[in-house]
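Asker: Below you will find the structure I want to go over with you.
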Amino acid sequence: MDIESALSALAALAHPTRLEAFRLLVRHEPEGLPTGALVEASGLTQSTFSTHLAVLAKAGLVVAEKRGRQQIQRAHIDTLRQLMTFLAKDCCQGRAELCEPLLADLACC
């Protein structure tokens, strides 16, 4: 991931509605959620929420899949992995043992 992609993803997640929607989608991987369920969870109107969804999609954090008549939204886990790797790659000047608490936190959840 390059700096521009990282900034785009971070900017997309820097809004409470988008961050919560993305976290909800991550919890529902790999099956995803219908767009209507995301709108309902957000408490916003369809048109307002679709703007937030478009920002997440443009940043590569969310992908849509057509399943029958429903539009299913899924978190793009590969983009999340790339962003997390980008942020942690130079962690602690290459001293991996300093990142072990972070890895332990991830493993427990």
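Every number here is computed from the coordinates shown, using simple stated rules; none is lab data. These numbers come from a predicted model, not from an experiment. In this analysis, Cβ positions are derived from the backbone assuming ideal geometry, glycine residues included, and neighbour counts consider all displayed protein chains.
Asker: With each pseudo-label sitting 7 Å past Cα toward Cβ, what's the His15-Asp105 distance in nm, one decimal?
Answerer: Using points 7 Å along Cα→Cβ, the separation is 2.6 nm.
Asker: Separate question: Roughly speaking, what is the stretch gain from Leu24 to Lys58, that is 0.36 nm per residue apart minus the C-alpha to C-alpha distance, in nm to one decimal?
Answerer: Details: separation 34, 0.36 × 34 = 12.24 nm, distance 1.80 nm.
Gain in length upon complete extension: 10.4 nm.
Asker: Using a Gaussian network model of the chain whose springs link C-alpha atoms within less than 10 Å, name the residue from Leu80, Leu13, Leu98 with the highest mean-square fluctuation.
Answerer: Top of the fluctuation ranking is Leu98.
Asker: Moving on to the next point. Suppose every K and R has +1 on its Cβ and every D and E has -1 on its Cβ; what is the size of the dipole of region 1-81 about the Cα centre, in Debye to the nearest 20?
Answerer: 200
Asker: Here's a follow-up. Measure nothing but the geometry: give the 0 to 90° angle between the long axis through the Cα atoms of 46-58 and the longest principal axis through the Cα atoms of the chain, rounded to 10°.
Answerer: Long axis of 46-58 versus the principal axis of the chain: about 40 degrees.
Asker: Follow-up. Identify the residues of region 3-34 with backbone N under 16 Å of a label point that sits 7 angstrom from the Cα of Arg69 along the Cα-to-Cβ direction, or state none.
Answerer: Within reach of a label on Arg69, which here means backbone N under 16 Å from a point 7 Å along Cα→Cβ, region 3-34 contributes 34.
Asker: Among Arg95, Arg27, Arg81, which one moves the most in a GNM of the chain with springs linking Cα atoms closer than 10 Å?
Answerer: It is Arg95.
Asker: In nm, to one decimal, how far is the Ala41 label point from the Ile3 one, both placed 7 Å along Cα→Cβ?
Answerer: Modelled inter-label distance: 3.4 nm.
Asker: As I understand it, the value is the acute angle between the Cα axis of helix 3-13 and the longest principal axis of the Cα atoms of the chain; what does it come to in degrees, rounded to 10?
Answerer: Value to nearest ten degrees: 50.
Asker: Using a Gaussian network model on the chain with a 10 Å cutoff between Cα atoms, which of Ala57, Ala41, Ala12 fluctuates the most?
Answerer: Largest GNM mean-square fluctuation: Ala41.
Asker: Here's something else I'd like to know. Provide the per-residue ³J(HN,Hα) series for region 23-31, in order, calculated from phi with Karplus coefficients 6.51, -1.76, 1.60 and θ = phi - 60°, each as a whole number of Hz, with x at glycine and proline positions.
Answerer: 4, 5, 5, 4, 5, 9, 6, x, 6
Asker: Moving to a separate point now. 222 nm [θ] for the chain, helices only, -39500 (n - 2.57) per DSSP H run of 4+, per residue, to 500? Provide the component values of the computation, followed by the final result.
Answerer: On the way: 6 runs with 65 residues, N = 109.
Per the formula, -18000 deg cm²/dmol.
Asker: Could I ask something else about it? Please compute the net charge surrounding Arg81, taking Lys and Arg as +1 and Asp and Glu as -1 over other residues with Cβ under 13 Å from its Cβ.
Answerer: Details: positive: Lys89; negative: Glu29, Asp78.
Charge balance near Arg81 sits at -1.
Asker: Calculate I(q)/I(0) for the chain by the Debye formula, one identical point scatterer on each C-alpha and no solvent, and give its log10 at q = 0.19 Å⁻¹ to two decimals.
Answerer: Normalising to I(0) and taking log10 leaves -0.98.
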